[in-house]
Structure formats: C-alpha cells, structure tokens
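> Sharing a structure here in structure tokens format.
The values are calculated or read from the model by the stated rules, or taken from the named source; none is laboratory data. Predicted model only: the values in this text are computed from it and were never measured. When we count neighbours, we look across all protein chains shown, and the Cβ atoms used for this are built from the backbone with ideal geometry, even at glycine. To get the accessible areas, we keep the full protein, side chains included, count just its heavy atoms, and leave off ligands, DNA and RNA. Shrake-Rupley method; radii C 1.70, N 1.55, O 1.52, S 1.80 Å.
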Amino acid sequence: MTLLGRELILGVGGGISAYKSADLLRRLQDIGFGVTVIPTRASLNFVGSATWEALSGRSVNENLWNNVHEVPHIKSAREANLIVVAPATADLIAKISNGIADDLLTNVISAATSPIILVPAMHPEMWLSAANQANVATLRSRGVLVIEPDEGRMTGEDFGIGRYPEVSRIVLEISNFANINSDLLGKKILVTAGGTREAIDPVRFIANHSTGKQGYAIAKAARNRGAEVVLIAANSNLADLPGVEIVHVSSAEQMQKALTERFPTCEILLMAAAVADAKPANTSTVKIKKANYQSIELETNPDLLASLSKIRSAKQFLVAFAAETSEIDQTTIESAKSKMVNKGADLIYLNNVSNGAIFGADETAGLLIDSNGETIEFKNQSKDTLADLLLDRALNKLR
Ligand code: CTP
C-alpha cells in the first residue's frame with residue numbers, strides 16, 4: 001500500500017496519556033504529514049484545543065454539529081490519507097469495532113476509506129479485559145493496525161501492559177504499515193513530463209507521442225518519499241497528483257520559462273519530457289489555407305537541459321532521457337553517453353521507442369547509464385520502479 005499524500009487525522013481519545021500525542025504530532029509533521037487533530041470531548045479534559053491548534057497550525061473541531069453545511073465528517077474522511085487514534089481508549093476501541101458514530105471523530109472513522117491505526121493506552125485490566133481483546137481482534141481482522149501497548153508503570157502505583165508506546169516506535173510502525181519512506185523529506189525536486197507542442201497556426205501543431213507517464217511516475221515516487229515536488233507537465237492527460245505542484249505548459253518556450261524560474265532552487269532535476277527540437281519559424285495567427293500548406297520552415301528550439309546545466313551548481317543532480325528508434329547497442333550507448341556529457345547531466349536513461357514501444361505504457365525497457373559509464377538494464381519493469389531507482393541514484397550522489 002502506498003499513501004497518496006500525507007494528510008493525516010490524529011484522533012485523540014480521553015486518556016491521561018493524551019499529552020504524549022503532542023510529541024507524536026510533532027514527529028508526524030517531521031516526516032512530512034499535515035496533521036488535523038480531532039479530539040473527543042472527553043480528551044479535552046486532559047489537553048485542550050488550544051494546544052492542538054498551536055501545534056498543528058490548524059483549527060480544531062470536536063463537535064459534529066459545527067459547520068454542518070460543510071458535512072465535516074465526510075470531508076475530513078475523504079481528505080485523510082491516514083487516520084491515527086492516539087491514545088485509543090477502551091471506549092473508543094469498542095465504538096470503532098462496533099461502528100458506533102456519536103461524535104466527529106467516530107463519524108470520520110466510520111466514513112473513512114484510508115488506513116486506520118490505533119494506539120491503545122489504558123490500565124492493564126482494561127487492556128486485557130475480554131471485551132477489549134475481542135474488539136481489538138475484530139479490528140485487526142478488518143485490517144486496522146492496533147499497535148501493542150508498552151509494559152511499564154501506569155498512573156498511580158500500577159504496573160503492567162497498557163502504556164502509551166514510545167513515540168519513536170509508533171512512528172516506525174506507522175511508517176512500515178503505510179509504506180512510508182521519508183528519505184527525500186524536504187528535498188526540492190523538479191520534474192518535466194509529456195511532450196511539447198509547437199504551434200503552426202491556431203489549429204495545428206508539431207507534437208510527439210510522449211504521454212507523460214514516466215515523468216508523472218517520478219513525481220509521484222518523489223512525493224511519496226517526502227520530497228517537495230514541482231512537475232512541469234506538457235500536454236499530458238494524466239490527472240494532477242495531490243501533494244505535487246503542477247505547472248501546465250504547452251510549448252518548449254513555456255517549459256523553458258517555467259524551468260528557468262524553478263531550477264535554481266531545486267536539488268534534483270529529471271528531464272523526462274520530450275521537448276521538440278524545432279518549432280515553426282513563424283506561427284500564423286490564422287489557419288493556413290490548404291493551398292499554402294505545403295511546407296513549414298523550422299527553427300531550432302534551445303536545448304533546455306544543456307542551458308540549465310551551464311548554470312548548475314555541484315550540489316544539483318541532473319537526469320536526462322534519450323529516446324532512440326534503434327536497438328540499444330554500442331553505437332546508441334556511446335551516443336547516449338555523449339548526450340549526457342553535452343547536456344551536462346549526471347545520469348541518462350536510454351530507451352528504444354521504435355514500433356510504438358514505451359510511449360503511453362506502464363512499463364519501460366532501456367539502459368541507465370551514469371557518468372562513470374556504469375549501466376543498469378531495465379527489461380519490462382514498471383515506470384514506478386525506474387522512478388525510484390533514479391531517485392535512489394540522485395540521493396546517493398547528493399549525500
Ligand atoms: N531536451 C531538452 N531540450 C530540448 C530537447 C531535449 O532539454 N530542446 C532534453 C529532454 O528532456 C531529454 C533529453 O534532452 O532529457 C533528450 O534529448 P533528445 O531529444 O534525445 O536529444 P537531442 O539533444 O534532441 O538529440 P537527438 O534528437 O539528435 O538525438
């Protein structure tokens with residue numbers, strides 16, 4: 001399971017350990033989550049809304065009957081990529097396992113389609129009670145992650161199982177369960193995708209077969225690993241990716257403008273877009289009549305990657321793509337290597353797109369070549385796999 005974005009609801013139950021969730025909230029923010037806190041009314045006896053509002057930077061509501069016109073339980077449930085309830089009291093566990101929805105938090109959980117994680121904390125007698133154990137077993141059988149409480153000292157003199165777990169363990173268990181990798185946290189990544197269009201007149205243009213799938217796969221992978229991603233997309237029909245800033249462009253010139261603005265602050269640039277090498281020397285403002293439509297005079301477009309690499313710093317990592325229509329052999333490999341050098345890139349992915357291969361497909365086949373000449377062959381592997389590998393390489397180099 002891969003999380004789409006990092007929107008998280010932190011439900012807080014009415015237990016003395018509610019204050020420990022303040023630290024949990026911070027650690028979840030540290031791995032890139034936007035956290036909305038929904039406390040139960042009982043929990044406000046332990047930690048008030050002001051604390052949650054200050055820490056989360058968001059307004060806090062526990063009442064189902066506030067802002068009814070916005071249908072807040074459905075809105076929150078849809079927006080969340082993950083729901084974590086900490087501390088989860090015996091009462092909350094019982095309600096959730098029985099589908100009871102009598103406040104905002106339990107309504108959100110009833111309506112949720114995202115993964116749910118419960119962090120129980122209660123006295124050992126309550127944790128081990130037959131009713132609670134049966135409820136926990138029911139929830140686990142439905143795919144809810146119920147984290148095992150710690151053993152240790154309770155409030156007062158009591159000792160046993162039921163303590164709020166160490167926050168570091170909770171974060172680790174959440175990361176493993178939801179397949180969250182945060183190795184690119186905070187890294188600024190710029191990706192181009194799709195194929196540019198060069199206008200001939202208001203009706204016609206020069207284009208290519210790129211659909212943007214590889215660039216989008218890279219943007220998604222980088223976002224899932226915690227990066228701040230800007231995707232410059234040229235004429236792709238793919239849906240925008242939540243959590244990724246998308247700049248839609250059409251021509252090479254527009255892509256160049258968007259790249260010039262964003263490149264100086266990025267740490268990794270991946271040029272997956274197929275940029276038109278040339279454009280009509282003149283774009284007609286009216287449709288060219290058939291009688292005058294025999295030939296088009298072209299002028300060369302600038303090489304976007306080559307010009308960016310001239311102003312690059314050593315702390316940036318640049319990835320180029322090369323699409324050829326012949327077998328990958330020594331000749332194409334040598335040509336890809338010189339392309340990488342001429343364009344000032346650190347890595348190039350060479351693929352053979354003859355006979356309609358690769359364009360629009362979910363899988364890719366090709367050869368990854370780095371600046372030392374080392375190669376990795378891809379044989380019908382997913383574009384997502386290539387995306388992660390490119391990011392691994394870039395990250396290793398930047399470290
Ligand atoms: N590219 C670019 N600007 C261009 C053309 C290409 O930045 N005007 C980038 C692409 O995004 C891609 C790489 O350069 O990362 C691929 O270039 P490619 O079109 O294969 O190489 P060319 O330099 O155009 O060489 P040729 O077409 O002659 O093989």
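> Quick one: L139 ticks every box in (1) surrounded by 13 or more Cβ atoms within 10 Å (Cβ to Cβ); (2) within 19 Å of S175 (Cα to Cα) except a single one, so which number is it?
If we test L139 against (1) surrounded by 13 or more Cβ atoms within 10 Å (Cβ to Cβ); (2) within 19 Å of S175 (Cα to Cα), just (2) comes out false.
> Conditions: (1) more than 21 Å from T192 (Cα to Cα); (2) within 12 Å of the ligand (Cβ to nearest atom); (3) part of a helix (DSSP H, G or I). S326 meets all but one. Number of the miss?
It fails just one condition, (3).
> If T332 passes every condition in (1) more than 21 Å from T192 (Cβ to Cβ); (2) away from the ligand (no atom under 12 Å from the Cβ); (3) crowded, with 18+ Cβ neighbours inside 10 Å but one, which one does it miss?
That leaves (2) as the condition not met.
> Within the range 254-266, identify whether any single residue is closer than 19 Å to G215 by Cβ, assigned to a helix (DSSP H, G or I) and aromatic (F, W, Y), and answer yes or no.
yes
> Would you point out which residue out of K315, K339 is open to solvent by 50 Å² or more (accessible area, probe 1.4 Å), away from the ligand (no atom under 12 Å from the Cβ) and not aromatic (F, W, Y)? Give the steps one after another, and end with the answer.
Values: K339 fails: away from the ligand (no atom under 12 Å from the Cβ).
Unique residue meeting the criteria: K315.
> Right, next: Suppose we filter L231, L241 for residues that are assigned to a loop (DSSP other than H, G, I, E, B) and of a type in the set (A, V, I, L, M); which single one remains? Show your work before the answer.
Working: L231 fails: assigned to a loop (DSSP other than H, G, I, E, B).
None of the others qualify; the one that does is L241.
> Within the range 376-395, can one find any residue that is under 19 Å from A217 (Cα atoms) and within 13 Å of the ligand (Cβ to nearest atom)?
yes
> Restricting attention to the range 206-238, and to residues there that are away from the ligand (no atom under 16 Å from the Cβ) and within 23 Å of A276 (Cα to Cα), which single residue is least open to solvent (accessible area, probe 1.4 Å)?
L238
> Yes or no: the range 6-16 includes at least one residue that is assigned to a strand (DSSP E or B), of a type in the set (D, E, K, R) and open to solvent by 20 Å² or more (accessible area, probe 1.4 Å). First the steps, then the outcome.
First pass over the range 6-16, keeping only residues assigned to a strand (DSSP E or B): 7-12.
Adding the requirement that they be of a type in the set (D, E, K, R) leaves 7.
Right, trim to open to solvent by 20 Å² or more (accessible area, probe 1.4 Å) and you get 7.
Taking every residue of the range 6-16 in turn, at least one turns out to be assigned to a strand (DSSP E or B), of a type in the set (D, E, K, R) and open to solvent by 20 Å² or more (accessible area, probe 1.4 Å).
> Can you give me the ranges of the strands (runs of 3 or more DSSP E) entirely in the range 339-392 with at least 1 residues that are more than 28 Å from the chain's Cα centre (by Cα) and free of Cβ contacts under 8 Å to residues at least 60 places away in the same chain?
Correct list: 347-352.
> Name the single residue, out of those in the range 77-121 being among the charged types (D, E, K, R) and assigned to a loop (DSSP other than H, G, I, E, B), that is least open to solvent (accessible area, probe 1.4 Å).
The selected residue is D103.
> Consider the range 267-308. How many of its residues are within 7 Å of the ligand (Cβ to nearest atom), open to solvent by 60 Å² or more (accessible area, probe 1.4 Å) and in contact (Cβ under 8 Å) with a residue 40 or more places away in the chain?
Residues in the range 267-308 being within 7 Å of the ligand (Cβ to nearest atom), open to solvent by 60 Å² or more (accessible area, probe 1.4 Å) and in contact (Cβ under 8 Å) with a residue 40 or more places away in the chain: 2 in total.
> T385 - would you say it is within 23 Å of K213 (Cβ to Cβ), among the hydroxyl-bearing types (S, T, Y) and open to solvent by less than 70 Å² (accessible area, probe 1.4 Å)?
yes
> Run down I83, I93 and say which single residue is over 19 Å from R169 (Cα atoms) and not aromatic (F, W, Y).
Numbers: I83 fails: over 19 Å from R169 (Cα atoms).
Of I83, I93, the one residue that is over 19 Å from R169 (Cα atoms) and not aromatic (F, W, Y) is I93.
> A further question on this structure: Evaluate the following for I268: is it touching a strand residue (DSSP E or B) at 6+ places or on another chain (Cβ under 7 Å), β-branched (V, I, T) and under 29 Å from P202 (Cβ atoms)?
no
> Then there's this: Any residue at all in the range 164-182 that's within 30 Å of A252 (Cβ to Cβ), part of a loop (DSSP other than H, G, I, E, B) and over 26 Å from the mean Cα position of the chain (by Cα)? Break it down stepwise before answering.
First, the residues of the range 164-182 that are within 30 Å of A252 (Cβ to Cβ): none.
No, the conditions are met nowhere in the range 164-182.
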